[in-house]
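Chemist: Encoded as structure tokens, here's the structure I'll be asking about.
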2 protein chains.
Amino acid sequence: MARIVMKFGGTSVADVEKIKNVARRVKTEVDAGNQVAVVVSAMSGKTNELVGWAQEVSPMYDAREYDVIVSSGEQVTVGLLAMALQSMDVAARSWLGWQIPLKTDGAHAKARIKEIDTTELDKRLNGGEVVCVAGFQGIAPDNRITTLGRGGSDTSAVALAAALKADRCDIYTDVEGVYTTDPRIVPKARKIDKITYEEMLELASLGAKVLQTRSVEMAMNHRVRVQVRSTFSEAEGTLVVDEDEIVEQEVVSGIAYSRDEAKITLVKVADKPGIAASIFSPLADANINVDMIVQNVSEDGKSTDMTFTVPRGEFQRALQVIEKNKAHIAYQELLSTSDVTKVSIIGVGMRSHVGVARKMFETLAEKGINIQVISTSEIKVSVLIAEEYTELAVRALHTAYGLDAD
Amino acid sequence: MARIVMKFGGTSVADVEKIKNVARRVKTEVDAGNQVAVVVSAMSGKTNELVGWAQEVSPMYDAREYDVIVSSGEQVTVGLLAMALQSMDVAARSWLGWQIPLKTDGAHAKARIKEIDTTELDKRLNGGEVVCVAGFQGIAPDNRITTLGRGGSDTSAVALAAALKADRCDIYTDVEGVYTTDPRIVPKARKIDKITYEEMLELASLGAKVLQTRSVEMAMNHRVRVQVRSTFSEAEGTLVVDEDEIVEQEVVSGIAYSRDEAKITLVKVADKPGIAASIFSPLADANINVDMIVQNVSEDGKSTDMTFTVPRGEFQRALQVIEKNKAHIAYQELLSTSDVTKVSIIGVGMRSHVGVARKMFETLAEKGINIQVISTSEIKVSVLIAEEYTELAVRALHTAYGLDAD
């Protein structure tokens, strides 16, 4: 007997038939003698519809009211799931964030979980009842509903698994697991059997939408065994685990790419202490997330070029901030483009292997792809390239690192 | 300055534009210096959709889960309304049933309000904030969401008006008020300026869908001044008040009809004590609501015919109950039809006037309409007629009692 948390995303609960299917999968685990807590998202498309209404009413909406509105989606699916389980003679009831209570801070629309009271849930689980929990939602100190930010149901599930000391947390979605890269552009992409938290974190933060970044962080911090698998198949999924659980580690586990990039270059800024602060402090103040930064070696010892990337959604705002601070920063020219893609290779194995980055650069050079910016971390190398080369680059790297399926 | 409760039904909050319109009407009252609590229903169609899903999952659903699901509709509109008010610089926040708290009994899906804690709402109203309350919902003693039954938002509004000691409760809907009869079949129907609680109660219970019956009872018990008016026009509506507020009382205030009737006749049952109980006790046990009952005078002193009506939705079930008890009741023959309509004249004035019922019978006779069953109360006379005569009968009575508009 194990205690497990099962989480089903929006496509898995998109309509009543699909919710019944979810109930059948839950029943299978119950029949196998397991204690089960289920976390559900809203029906796919529902949260977007609710957010759309909120924006239509007022683009500058009150986040507390936003949370009242958007949390309703999970309220519907959790009730329907509990009903579906009952109709299959599985004891079950629904739990909303405020009923558990799942306590968060007061940062509405992007709240962080503070504490999950498991007294009642523990009792129910031990009594053989399936605990159906509305994902994405909690309650703030002032007794108002909070939500955890988009994709927050993953975080709900992992946090619940940690609080309930669950043996594992199964994240059911519409793909069969985590792939070596996007199968839509690389047909030879392979499903990964086991991946480390660190790698998953990089993949998630690079936009591989299988798991919300924060949920991976939380799983890593609490050592929750997470499995990503498909609601619509019986196939084994991808296990996200500690590095020491993985016997044979690939040097590079996956290739990620993100089109959500825009590049800004400040030509001929003074090469002196404080110049980086004069550029990036105003951007930080404007809550703009700067990603890759490269500062060229100064040629004349007096001036240099500074290049960095921002998310596309913040591109125009970033340019405005820079232009407003032109006098202070004192650059000669401002160059910018959103015609770029960030391509990354990820693998904990690269820590102990040399020449991993070089292979990336050589592979891209062979295809005639120019690298505009490079950034590296311990387990990742990212390059910025012209957007039109995206597919070519990802396919070439996938082959070069031996990731292609047979 | 007055303290008012405004309630808006589903058609008044059917989309974002309509919710903004509601916010403008609320702002008008606020600008006039009034303290305002607003109660909203779900967007029209939404509750039906949610109920449909619940039934699709399981026809024998758990009413506690049903309440979790269907209460979400009002959660959405109350959040959107609070946002819309804020965007017009009106201080406002949403309140869900459990947040107020609006305490009910534990009869899920048809809960009754036990107590409304007005501490926080009073404070907010006195501070000039508009209090936006999700209609139709409350919280049970076990901390689970309850709903008040279909149309329950009217009851929420009236109960809130009573608890907050509001000066009036305005029920905004998609018609301009209460009419002397259904304007769809009588073009000369007139809007009634003032109507008594008692009359309104009869109209509501006869299916005039302007106000939920229970809300009228509650308004009567707590002497809440209710006004029914249109969200989409500035016209005065209908005031539901105490009898002594109405100076010139019509003898008959309105003509109602209900097609939701089915007639059952038991031919030749024994004319002896206990026979009525033998028929109606099993029906009551089956939770079937018997309406009109008529027992003919016994011709031979030994047997009689018993006729009664039930709602059409319970017709087949009622027949089954009777047939199952055939041996015990000992009737000779069972006759039944759903081809009937109940037509009623209503007016508190008939208490002090003679000949009111006679005029009804004569009017119908003149048109060649046969009366099958008659039942009367202090302020109402109802007759059962063949369904095909419905429009003819209602129009003739409307004219006979001088209700036609000029």
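Chemist: Of all the residues that make up region B:107-126, how many are within 14 Å of chain A (Cβ to nearest Cβ) and within 18 Å of B:G149 (Cα to Cα)?
Modeler: So the count comes out to 2.
Chemist: Something else about it: Quick check on my filter: what residues within region A:116-128 are of a type in the set (D, E) and in contact (Cβ under 8 Å) with a residue 40 or more places away in the chain?
Modeler: A:D122
Chemist: Do we find that B:K209 is modelled with pLDDT under 95 and not small (G, A, S) in this structure?
Modeler: Judged against the criteria, B:K209 is a match.
Chemist: Only one of these is free of Cβ contacts under 8 Å to residues at least 12 places away in the same chain, over 19 Å from B:A276 (Cβ atoms), aliphatic (A, V, I, L, M) and exposed (fewer than 14 other Cβ atoms within 10 Å of the Cβ): B:A365, B:A327. Name it.
Modeler: It is B:A365.
Chemist: Looking at (1) open to solvent by 40 Å² or more (accessible area, probe 1.4 Å); (2) over 30 Å from A:E17 (Cα atoms); (3) within 12 Å of another protein chain (Cβ to nearest Cβ); (4) not in a loop (DSSP other than H, G, I, E, B), find the lone condition where B:A82 falls short.
Modeler: (1)
Chemist: Next question. Looking only at region B:63-72, decide whether some residue is farther than 25 Å from A:E49 by Cα and more than 9 Å from chain A (Cβ to nearest Cβ).
Modeler: yes
Chemist: Quick check: anything in region B:190-198 over 18 Å from the mean Cα position of the chain (by Cα) and more than 27 Å from B:T341 (Cα to Cα)?
Modeler: Yes, because at least one residue in region B:190-198 is over 18 Å from the mean Cα position of the chain (by Cα) and more than 27 Å from B:T341 (Cα to Cα).
Chemist: Which numbered condition in (1) crowded, with 18+ Cβ neighbours inside 10 Å; (2) of a type outside the set (V, I, T); (3) in a strand (DSSP E or B) is the only one that B:R259 fails?
Modeler: (1)
Chemist: Applying the selection to region A:368-406, what residues are farther than 20 Å from A:T265 by Cβ, open to solvent by less than 50 Å² (accessible area, probe 1.4 Å) and among the aliphatic types (A, V, I, L, M)?
Modeler: The answer is A:I379, A:V381, A:A393, A:V394, A:A396, A:L397, A:A400, A:L403, A:A405.
Chemist: From the list A:V340, A:V354, which residue is assigned by TED's automatic domain parsing to the domain that holds A:Y389 and buried (at least 18 other Cβ atoms within 10 Å of the Cβ)?
Modeler: Exactly one residue qualifies, and that residue is A:V340.
Chemist: Okay, moving on. Take the residues of region B:26-57 that are free of Cβ contacts under 8 Å to residues at least 24 places away in the same chain, open to solvent by 10 Å² or more (accessible area, probe 1.4 Å) and within 19 Å of B:T146 (Cα to Cα): which is farthest from the other protein chains (Cβ to nearest Cβ)?
Modeler: My answer is B:N48.
Chemist: Within region B:90-103, identify whether any single residue is among the polar types (S, T, N, Q), within 11 Å of another protein chain (Cβ to nearest Cβ) and in a strand (DSSP E or B), and answer yes or no.
Modeler: yes
Chemist: Also: Which of (1) of a type outside the set (S, T, Y); (2) more than 20 Å from A:W98 (Cα to Cα); (3) open to solvent by 10 Å² or more (accessible area, probe 1.4 Å); (4) in contact (Cβ under 8 Å) with a residue 24 or more places away in the chain is the odd one out, the single condition B:W98 does not satisfy?
Modeler: That leaves (2) as the condition not met.
Chemist: Answer with yes or no whether B:I19 is at the interface with another protein chain (Cβ under 8 Å from one of its Cβ atoms) and among the β-branched types (V, I, T).
Modeler: Against the criterion (at the interface with another protein chain (Cβ under 8 Å from one of its Cβ atoms) and among the β-branched types (V, I, T)), B:I19 qualifies.
Chemist: Go through (1) out of contact with any Ser or Thr (no Cβ under 7 Å at 6 or more places or on another chain); (2) open to solvent by 10 Å² or more (accessible area, probe 1.4 Å) for A:E176 and report which single condition fails.
Modeler: All conditions are met except number (1).
Chemist: Please pick out the residue among B:A219, B:A204 that is within 17 Å of the chain's Cα centre (by Cα), open to solvent by less than 20 Å² (accessible area, probe 1.4 Å) and without any contact (Cβ under 8 Å) to a residue 40 or more places away in the chain.
Modeler: On inspection, the qualifying residue turns out to be B:A204.
Chemist: Take the conditions out of contact with any Lys or Arg (no Cβ under 7 Å at 6 or more places or on another chain), open to solvent by 40 Å² or more (accessible area, probe 1.4 Å) and among the β-branched types (V, I, T) and apply them to B:V310. Does it pass?
Modeler: no
Chemist: Please determine, by comparing only the residues of region A:282-300 that are out of contact with any Ser or Thr (no Cβ under 8 Å at 6 or more places or on another chain) and hydrophobic (A, V, I, L, M, F, W, C), which one is nearest to A:K326 (Cα to Cα).
Modeler: A:L283
Chemist: For residues that are away from chain B (no Cβ under 14 Å) and open to solvent by 10 Å² or more (accessible area, probe 1.4 Å), tally how many sit in region A:127-148.
Modeler: 2
Chemist: If you scan region A:1-20, which residues turn out to be in contact (Cβ under 8 Å) with a residue 40 or more places away in the chain and surrounded by fewer than 17 Cβ atoms within 10 Å (Cβ to Cβ)?
Modeler: A:A2
Chemist: Then there's this: Can A:T363 be described as within 26 Å of A:R190 (Cα to Cα) and either hydroxyl-bearing (S, T, Y) or in contact with a helix residue (DSSP H, G or I) (Cβ under 8 Å, 6 or more places away or on another chain) (or both)?
Modeler: Yes, satisfied.
Chemist: Tell me which of these A:Q75 doesn't satisfy, since it passes every other one: (1) assigned to a helix (DSSP H, G or I); (2) open to solvent by 40 Å² or more (accessible area, probe 1.4 Å); (3) within 11 Å of chain B (Cβ to nearest Cβ).
Modeler: (2)
Chemist: Do we have A:G313 as out of contact with any helix residue (DSSP H, G or I) (no Cβ under 6 Å at 6 or more places or on another chain) and farther than 24 Å from A:I288 by Cβ here?
Modeler: Answer is no for this residue.
Chemist: State yes or no: is A:N34 within 23 Å of A:D167 (Cβ to Cβ), of a type in the set (S, T, N, Q) and out of contact with any Pro (no Cβ under 9 Å at 6 or more places or on another chain)?
Modeler: yes
Chemist: If you go through region B:181-197 one residue at a time, how many are free of Cβ contacts under 8 Å to residues at least 12 places away in the same chain and either open to solvent by less than 20 Å² (accessible area, probe 1.4 Å) or of a type in the set (D, E, K, R) (or both)?
Modeler: 1
The values are calculated or read from the model by the stated rules, or taken from the named source; none is laboratory data. Predicted model only: the values in this text are computed from it and were never measured. Glycine gets a Cβ as well: all are built from the backbone with ideal geometry, and neighbour counts include every protein chain shown. Heads up: the accessible areas ignore ligands, DNA and RNA and are worked out on the full protein's heavy atoms, side chains in. Shrake-Rupley method; radii C 1.70, N 1.55, O 1.52, S 1.80 Å.
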